[in-house]
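Have a look at the structure below before the remarks.
Every number in this text was worked out from the coordinates using simple rules, so none of it is lab data. Model, not experiment: these values are computed from the prediction. No Cβ is skipped: glycine too gets one built from the backbone with ideal geometry, and neighbour counts run over all protein chains shown.
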Amino acid sequence: MEMTRIEKFLVNRESKGLRNVARVERLLRGMNLASIRDVLEIGCGIGTVSASLASDYGWNVIGTDYDAGQIDEAKNRYPESGGLEYRREDATRLSFTDGSFDFVIAQMVFHHIQQWPAAVRELARVLRPNGSAIWFDHVVWDGMMQGPGSVLRHAGLYGRKEAEQAFCAAGFEPIVSYRTGLPLFSFDEILYRKKR
């Protein structure tokens with residue numbers, strides 16, 4: 001879904017983009033970087049992470065976002081080049097063929113996707129066998145999703161177990177993970193490998 005002006009005001013900052021680059025680079029330490037050539041970023045926002053990966057690693061990176069305004073902003077801040085491209089895409093119905101990418105990133109975007117389990121399946125579909133995915137987002141304690149927790153679900157939040165089960169069902173196994181925050185609400189950063 002498209003972000004509100006307030007959300008854009010909060011997230012479209014270079015400093016936030018650079019923090020996300022640092023998070024991705026921390027998780028990259030657990031990967032065989034020589035095996036990566038083609039990269040997809042879901043929810044690229046202003047393009048900081050996509051542009052950094054294209055310039056720092058020489059990978060072919062496609063940054064996608066559902067919000068056309070975000071794609072325009074990314075193109076203005078980090079112009080497309082031979083190794084960097086931006087596209088408007090729906091994460092639940094990506095236009096790419098099966099097995100198009102070695103590496104996929106979805107950072108701070110799933111809470112904006114109402115049907116986020118479909119996006120998990122799409123990540124798996126477009127990823128090559130033994131490819132890697134980095135996912136980080138907000139999660140809530142699973143007990144909060146019961147009863148009145150359905151209100152949280154409408155706000156775009158989901159439980160940790162729910163997310164883990166969706167990734168496992170799509171053929172992912174966690175390799176490295178970091179969790180920060182409170183027990184009831186945290187921020188999870190996970191490097192997954194596609195098993196099949």
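Remarks
- Cβ-to-Cβ counts within 10 Å put Thr64, Thr180 in ascending order as Thr180, Thr64, the fewest first.
- Extension reserve of the Leu18-Ser177 stretch, reckoned as 0.36 nm per residue once the Cα distance is removed: 55.3 nm
- Taking packing as the residue-averaged number of other Cβ atoms within 10 angstrom, the listed peptides 74-83, 125-134, 167-176 run from highest to lowest as 125-134, 167-176, 74-83.
- Estimated inter-spin distance, Thr92 and Arg196, nm [label 7 Å along Cα→Cβ]: 2.4 nm
- Estimated distance in nm for a label pair at Lys161 and Asn76, the labels positioned 7 Å out from Cα along Cα-to-Cβ: 4.5 nm
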